[in-house]
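The values are calculated or read from the model by the stated rules, or taken from the named source; none is laboratory data. Predicted model, so just to flag it, every value in this text is computed and none were measured. Quick reminder, even Gly has a Cβ in these numbers, built from the backbone with ideal geometry, and neighbours come from all protein chains shown.
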Ligand code: HEC
């Protein structure tokens, strides 16, 4: 029994079609199976389409190139961002922007709620200090300005055990907390911790006036 006889017997999937004569390579022969019509038409269509595409992109410009699309979308993105920024201005936190919260009852009240949920366990309910320092005295480890407090609250002091709140509380909420802390300044609560840090330079600070 020759090799090819053996193969044609065992391989039942081989179609019953004539072998093209002349196509035999090392005994391997092929059948004449035409491509399906839809495939041939896709193939022809892609050949017809390619010069249209090349001319459209490079010669006549009626088809957008990748760069065209990208810059169009980028322009749109800039517009969307500008519109968003106009509708929701980014809170730029300054000494003055925080000062606008200080002394405003509504913000002090919101700050008090935030304080009792997030801060009281370390700074005590009356803000006299526990693990964290007394927030009612005039002494500050990290500075007495609104922006100093804002920075400590935002970034925390991890090695001392002060949590960073920047990712948890909004800039507005952090400003309200400062309004609350300012409101309890000088309250000298019972059992308050001894002062830590340096005395506030109140005279040079507009925001400390009237506290
Ligand atoms: C896990 C305990 C802990 C929590 C919770 C905590 N703090 Fe503190 N906080 C500390 C410690 C400890 C320090 C002192 C850091 C140092 O010594 O540098 C501190 C420092 C501060 C300071 C700076 C005080 C200074 O003298 O300069 C401010 C302001 C402050 N905390 C506000 C807050 C506010 C507002 C919250 C709630 C949103 C809060 N802390 C929550 C532990 C905590």
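Which one of 200, 112, 127 is touching a residue at least 40 places away in the same chain (Cβ under 8 Å) and in contact with a strand residue (DSSP E or B) (Cβ under 7 Å, 6 or more places away or on another chain)?
On the way: 112 fails: in contact with a strand residue (DSSP E or B) (Cβ under 7 Å, 6 or more places away or on another chain); 127 fails: in contact with a strand residue (DSSP E or B) (Cβ under 7 Å, 6 or more places away or on another chain).
On inspection, the qualifying residue turns out to be 200.
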Residue 31 meets each of (1) within 16 Å of the ligand (Cβ to nearest atom); (2) touching a residue at least 12 places away in the same chain (Cβ under 8 Å) with one exception, condition (1)
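Give 20, 47 a once-over and let me know the one that is modelled with pLDDT of 90 or more and either exposed (fewer than 10 other Cβ atoms within 10 Å of the Cβ) or not in a helix (DSSP H, G or I) (or both). Before you say what the answer is, go through the steps one by one.
Values: 20 fails: modelled with pLDDT of 90 or more.
Going through 20, 47 in turn, just one is modelled with pLDDT of 90 or more and either exposed (fewer than 10 other Cβ atoms within 10 Å of the Cβ) or not in a helix (DSSP H, G or I) (or both): 47.
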Could you check, for segment 118-126, whether at least one of its residues is under 26 Å from the mean Cα position of the chain (by Cα) and surrounded by fewer than 19 Cβ atoms within 10 Å (Cβ to Cβ)? yes
